[in-house]
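*Asks:* What follows is a single structure, and I will ask about it in a moment.
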Amino acid sequence: MSDIPKETPRNVLLPFVFFPLGIVLVAVGVFFLFGKLATEQHSIPDYLNAIRSGSSHERWQAAYQLSKSLKRGEASRYPNLEQQVAAIYEQSKSDDPRIRRYLSMVLGSLGDRRATPLLLDGLNDKDPDNRIYVLMALGELRDPGSVWRIEQVTKDPDKDVRKTAYYTLGELGNASSLPELAEGLTDEVAEVRWNAAVALTRFNDGRAVPVLREMLDRTRLNQVQGMREDQKEDVMMMAMAPYARLAGADARADLQRIAATDPSLRVRAAAKSLL
């Protein structure tokens, strides 16, 4: 039962975006039906068959369990898995959106760039969470051919889609995206600005400095509605080292202030280390 996801992508997106340690499995629902697929381990063909022909709740559970099975390294035993998953994904446009979300994660985890065109088409889905999952998958594939379309998604009306798009551009690391990343620094939503800034730091681009400084300002962080204390710490920790590197001597006063007065021992220790 520990495999069943507990949080929504929008609840966990902030730490996910600010800690680029690989794409993390995240979930759509909070309330789940615990069936056999959630409590027993099956083979990849079992999951595929359940997605194709199972009951409504078994199908999305099977899609989720399939995404988990890939983390256990089982995909190598099925060389044509990408084609099978792609075929199901293509047919899932009018299906339970959870199936489509988890299948997009599977396509990303498989690392087969033949899935790129299919995932790019998924960026046209009306459901914002579907688009978020597709961006996560494209971040895993790291296909340069997807850059142009992800750049377009930075204009998406949904803020969580935009901030995931900026994160994904940072993962792809293509310098052609620098104008879009710089434009993201002026987004009206704080988390979107932060993701654009963090992505810019991967190119050592000094234009990120003002927003990185904003991320180290507790007063500004306290103005972000619904942001937990641990998330504020995560934001500060993520911004601090790039800020010190890019701002140079100009960062010293801020680091001294943080080291002396920040309420978090973890944040104070990081500032002292950088000083």
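*Asks:* Quick check on region 165-172. Is at least one of its residues open to solvent by 30 Å² or more (accessible area, probe 1.4 Å) and out of contact with any Lys or Arg (no Cβ under 8 Å at 6 or more places or on another chain)?
*Replies:* No, the conditions are met nowhere in region 165-172.
*Asks:* Restricting the first residue to region 255-275 and requiring it to be without any contact (Cβ under 8 Å) to a residue 24 or more places away in the chain and of a type in the set (A, V, I, L, M), which pairs with a second residue that is outside any helix (DSSP H, G or I) and open to solvent by 60 Å² or more (accessible area, probe 1.4 Å) meet a Cβ separation below 8 Å and a spacing of at least six or different chains?
*Replies:* Leu255/Leu275; Ala259/Leu275
Conditions tested, residue by residue: (1) open to solvent by 10 Å² or more (accessible area, probe 1.4 Å); (2) in contact with an Asp or Glu (Cβ under 9 Å, 6 or more places away or on another chain); (3) of a type in the set (A, V, I, L, M, F, W, C); (4) closer than 22 Å to Ile51 by Cα.
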{"position": "Asp121", "(1), (2), (3), (4)": "yes, yes, no, yes"}
{"position": "Asn124", "(1), (2), (3), (4)": "yes, no, no, no"}
{"position": "Asp127", "(1), (2), (3), (4)": "yes, no, no, yes"}
{"position": "Val134", "(1), (2), (3), (4)": "no, yes, yes, yes"}
{"position": "Ala137", "(1), (2), (3), (4)": "no, no, yes, yes"}
{"position": "Thr154", "(1), (2), (3), (4)": "no, yes, no, no"}
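*Asks:* Quick one: which of Asp160, Asp234, Asp187 is free of Cβ contacts under 8 Å to residues at least 40 places away in the same chain and either among the charged types (D, E, K, R) or under 18 Å from Gly108 (Cβ atoms) (or both)?
*Replies:* Values: Asp160 fails: free of Cβ contacts under 8 Å to residues at least 40 places away in the same chain; Asp234 fails: free of Cβ contacts under 8 Å to residues at least 40 places away in the same chain.
Of Asp160, Asp234, Asp187, the one residue that is free of Cβ contacts under 8 Å to residues at least 40 places away in the same chain and either among the charged types (D, E, K, R) or under 18 Å from Gly108 (Cβ atoms) (or both) is Asp187.
*Asks:* Return the residues of region 59-90 that are at pLDDT below 90 and open to solvent by 80 Å² or more (accessible area, probe 1.4 Å); say none if nothing qualifies.
*Replies:* Residues satisfying the conditions are Lys71, Arg72, Ser76, Arg77, Pro79.
*Asks:* For region 246-273, enumerate the residues that are of a type outside the set (S, T, N, Q) and loosely packed, with under 15 Cβ neighbours inside 10 Å.
*Replies:* Matches in region 246-273: Gly248, Ala249, Asp250, Arg252, Ala253, Arg257, Ala260, Pro263, Leu265, Arg266, Ala269, Lys272.
*Asks:* Suppose we filter region 91-112 for residues that are closer than 13 Å to Asp125 by Cβ, among the hydroxyl-bearing types (Ser, Thr, Tyr), in contact with a helix residue (DSSP H, G or I) (Cβ under 8 Å, 6 or more places away or on another chain) and surrounded by fewer than 24 Cβ atoms within 10 Å (Cβ to Cβ); how many remain?
*Replies:* Summing the residues that are closer than 13 Å to Asp125 by Cβ, among the hydroxyl-bearing types (Ser, Thr, Tyr), in contact with a helix residue (DSSP H, G or I) (Cβ under 8 Å, 6 or more places away or on another chain) and surrounded by fewer than 24 Cβ atoms within 10 Å (Cβ to Cβ) in region 91-112 gives 1.
*Asks:* Where in region 176-275 are there helices (runs of 4 or more DSSP H), lying wholly inside it, with at least 1 residues that are modelled with pLDDT of 95 or more and under 18 Å from the mean Cα position of the chain (by Cα)? Even if it seems obvious, please write down each step before you answer.
*Replies:* Details: elements: 178-184, 190-201, 209-215, 218-221, 229-247, 252-261, 265-274.
So the answer is 178-184, 190-201, 229-247.
The values are calculated or read from the model by the stated rules, or taken from the named source; none is laboratory data. Note that the structure is predicted; figures quoted are calculated from it, not measured. Positions of Cβ are backbone-derived with ideal geometry, glycine not excepted, and every protein chain shown enters the neighbour counts. Side chains are part of the model used for accessible areas, which takes the heavy atoms of the whole protein and leaves out ligands, DNA and RNA. Shrake-Rupley method; radii C 1.70, N 1.55, O 1.52, S 1.80 Å.
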